[in-house]
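Q: To start, I am sharing the structure in question, which I have written as structure tokens.
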Amino acid sequence: MKYSIADESLADTGKMRVDWADRQMPVLATLRERLGKERPLEGQTIVACCHVTTETAILARTLQAAGAESVVCASNPLSTQDDVAASIVKHFDIPVFAARGVDTDAYYAQIHAALDVGPTITIDDGADLTNVIHSDRTELLENMIGGTEETTTGCIRLRAMAADGALKFPIIAVNDAKSKQLFDNRYGTGQSTVDAIMRSTNILLAGKAVVVCGYGWCARGVSMRARGLGAHVIITEVDPLRALEAAMDGYQVMPIAKAAEVGGIFVTVTGDINVIRKEHFELMRDGAILANSGHFNVELDIPGLEELSTSRRAVRPNVEEFTLRDGRRLLLLGEGRLVNLVAAEGHPAAVMDMSFANQTLACVHLARNGNDLEPKVYDVPEEIDAEVARLKLRSMDIEIDALTQEQEKYLSSYDMGT
Ligand code: ADE
């Protein structure tokens, strides 16, 4: 078996952590049992380009139990947990191509090495794998049934490819499933982003002005959790509806050019480029903290920050201090990469349980129906979304009501009860 990881000796430590995550992933356990009997992924080779975390280990294992040849590579050069990568190889016999801290060339070399297995299905987190197949590895297209996409940024890119007629196989937008977005994006990003800021800086959030750029699901979660710890949260937005929602949710809303003057901590969560730029860094207070929780490290204009600075130095793990010409110091967390995975452990397993259950069932859907699908971006089928929510509720011992016959009739009629 070919693989490429940083340190095999870390495998047993990784296994303890993978087992810990497993305890919080009952939906995937149920799927492993069910699909382990049905083996719907038999004959499929699935390359999962994901953050290599304990939760991804459980996903890879679930795909394997369902019959797939499962292969893992990293979706970000800084988010790989090396002990987990080693454990996936040693304990589950699944090839991994990932090591924390590799440079861009090595990162893409690992994606290419994973693709050498010749996937029939891909799982992407940020669309790097799909991009590489469409640009450099077009010989693989012939065998591809379809792919899935885990994150908002990836879905935006893939929809742009589809609109341009450039997409060559169907993609299921797992990110957009309700049982993913409402929980992983909101509660997962919310908790893990605040966790990362606290782990890396150990600052008190109570009384701090936290500027959150964006008010999508992820940003809503970050705002909610920062407010819960006593921060004064300010939202910046470009979308009038989202801005209005933020205002009515009780946050202060203002342009970044104003927020830059008053913020103590800045978190970008927009999926867009250069959200905080040179002109904003120029306005910030000494000691302002800069973090990004969007998929790519482009939301903070780091080259601009470098140009403004006379020196930079590491002051704590995952904290770099940039000194500007007038002596003000700005603190950048996790190199501006997604802070929740670089400086913490990513979303907790309990929400990844639902996201990765959607991924697993989307792969089964592709294996069964992929050959009949057009090269477009599809929503997760509603039955899958509802099934994931049902399984999660069951694992939480929560029962819900069912419609009576009369209620069902009422909901589909227009002449009853008026
Ligand atoms: N994305 C965000 N959190 C994650 C996690 N814990 N595992 C894999 N991908 C993630």
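The values are calculated or read from the model by the stated rules, or taken from the named source; none is laboratory data. Remember, predicted model here, so these are calculated numbers, not experimental data. Here the Cβ is made from the backbone with ideal geometry for all residues, glycine too, and neighbour counts use every protein chain on show. With ligands, DNA and RNA removed, areas are computed over all heavy atoms of the protein, side chains included. Shrake-Rupley method; radii C 1.70, N 1.55, O 1.52, S 1.80 Å.
Q: Yes or no: segment 29-50 includes at least one residue that is within 16 Å of the ligand (Cβ to nearest atom) and not aliphatic (A, V, I, L, M).
A: Within segment 29-50, one or more residues are within 16 Å of the ligand (Cβ to nearest atom) and not aliphatic (A, V, I, L, M).
Q: Is it the case, given these coordinates, that Ile234 is in contact (Cβ under 8 Å) with a residue 24 or more places away in the chain and in contact with a helix residue (DSSP H, G or I) (Cβ under 8 Å, 6 or more places away or on another chain)?
A: Yes, satisfied.
Q: Identify, from the list Lys2, Lys37, the residue that is of a type in the set (D, E, K, R), surrounded by fewer than 19 Cβ atoms within 10 Å (Cβ to Cβ) and free of Cβ contacts under 8 Å to residues at least 60 places away in the same chain.
A: Numbers: Lys2 fails: free of Cβ contacts under 8 Å to residues at least 60 places away in the same chain.
Of Lys2, Lys37, the one residue that is of a type in the set (D, E, K, R), surrounded by fewer than 19 Cβ atoms within 10 Å (Cβ to Cβ) and free of Cβ contacts under 8 Å to residues at least 60 places away in the same chain is Lys37.
Q: Quick one: is Val117 of a type in the set (A, V, I, L, M, F, W, C), surrounded by fewer than 23 Cβ atoms within 10 Å (Cβ to Cβ) and without any contact (Cβ under 8 Å) to a residue 40 or more places away in the chain?
A: no
Q: At negative phi and either in contact with a Ser or Thr (Cβ under 7 Å, 6 or more places away or on another chain) or open to solvent by less than 50 Å² (accessible area, probe 1.4 Å) (or both): does that describe Ala246? Step through it out loud before you land on a result.
A: On the way: at negative phi: yes; either in contact with a Ser or Thr (Cβ under 7 Å, 6 or more places away or on another chain) or open to solvent by less than 50 Å² (accessible area, probe 1.4 Å) (or both): yes.
Considered against the rule, which asks whether it is at negative phi and either in contact with a Ser or Thr (Cβ under 7 Å, 6 or more places away or on another chain) or open to solvent by less than 50 Å² (accessible area, probe 1.4 Å) (or both), Ala246 comes out as yes.
Q: Leu283 - would you say it is assigned to a helix (DSSP H, G or I), closer than 24 Å to Leu204 by Cβ and either open to solvent by 50 Å² or more (accessible area, probe 1.4 Å) or out of contact with any strand residue (DSSP E or B) (no Cβ under 8 Å at 6 or more places or on another chain) (or both)?
A: no
Q: Which is crowded, with 22+ Cβ neighbours inside 10 Å, in contact with a Ser or Thr (Cβ under 9 Å, 6 or more places away or on another chain), within 19 Å of Gly188 (Cα to Cα) and of a type outside the set (Ser, Thr, Tyr), of Ala21, Ala60, Ala66?
A: Ala21
Q: Just for segment 150-161: of the residues that are in contact with a strand residue (DSSP E or B) (Cβ under 9 Å, 6 or more places away or on another chain) and in a helix (DSSP H, G or I), which one is surrounded by the most Cβ atoms within 10 Å (Cβ to Cβ)?
A: Within segment 150-161, the match that is surrounded by the most Cβ atoms within 10 Å (Cβ to Cβ) is Gly154.
Q: A further question follows. Tell me whether segment 213-225 contains one or more residues that are in contact with an Asp or Glu (Cβ under 8 Å, 6 or more places away or on another chain), buried (at least 19 other Cβ atoms within 10 Å of the Cβ), of a type in the set (Ser, Thr, Tyr) and modelled with pLDDT of 95 or more.
A: yes
Q: Right, another one. From the list Ala260, Ala291, which one is buried (at least 22 other Cβ atoms within 10 Å of the Cβ), aliphatic (A, V, I, L, M) and under 18 Å from Thr193 (Cβ atoms)?
A: Ala291
Q: Tell me, please, whether a residue that is free of Cβ contacts under 8 Å to residues at least 60 places away in the same chain, within 14 Å of the ligand (Cβ to nearest atom) and of a type in the set (Gly, Ala, Ser) can be found in segment 86-108.
A: There is no residue in segment 86-108 that is free of Cβ contacts under 8 Å to residues at least 60 places away in the same chain, within 14 Å of the ligand (Cβ to nearest atom) and of a type in the set (Gly, Ala, Ser).
Q: Condition test on Ala11, is it open to solvent by less than 50 Å² (accessible area, probe 1.4 Å), in contact (Cβ under 8 Å) with a residue 40 or more places away in the chain and more than 21 Å from Thr360 (Cβ to Cβ)?
A: Yes, satisfied.
Q: If you take just the helices (runs of 4 or more DSSP H) that sit entirely in segment 312-418, which of them hold at least 3 residues that are in contact (Cβ under 8 Å) with a residue 24 or more places away in the chain and either away from the ligand (no atom under 16 Å from the Cβ) or farther than 30 Å from Glu279 by Cβ (or both)?
A: 349-369, 382-395
Q: While we're on this one: Any residue at all in segment 179-195 that is part of a helix (DSSP H, G or I), farther than 28 Å from Tyr378 by Cα, more than 15 Å from the ligand (Cβ to nearest atom) and not acidic (Asp, Glu)? Explain how you work it out, then say what you get.
A: So in segment 179-195, the residues part of a helix (DSSP H, G or I) come out as 179-195.
With farther than 28 Å from Tyr378 by Cα added as a condition, the list becomes 191-195.
Retained after the next criterion (residues that are more than 15 Å from the ligand (Cβ to nearest atom)): none.
Looking for residues that are part of a helix (DSSP H, G or I), farther than 28 Å from Tyr378 by Cα, more than 15 Å from the ligand (Cβ to nearest atom) and not acidic (Asp, Glu), one finds none in segment 179-195, hence no.
Q: Another question about this same structure. Based on what the data block shows, is Thr53 surrounded by 24 or more Cβ atoms within 10 Å (Cβ to Cβ) and within 16 Å of the ligand (Cβ to nearest atom)? Write out each step before concluding.
A: Details: surrounded by 24 or more Cβ atoms within 10 Å (Cβ to Cβ): no; within 16 Å of the ligand (Cβ to nearest atom): yes.
Answer is no for this residue.
Q: Would you say Gly271 is assigned to a loop (DSSP other than H, G, I, E, B) and at pLDDT below 95?
A: yes
Q: Would you point out the residue of segment 128-149, among those that are closer than 20 Å to Asn369 by Cβ and either touching a Pro at 6+ places or on another chain (Cβ under 6 Å) or in a loop (DSSP other than H, G, I, E, B) (or both), that is least open to solvent (accessible area, probe 1.4 Å)?
A: Gly146
Q: With the requirement that a residue be touching a residue at least 24 places away in the same chain (Cβ under 8 Å) and of a type in the set (S, T, N, Q), what does segment 237-291 give you?
A: Thr268, Thr270, Asn274
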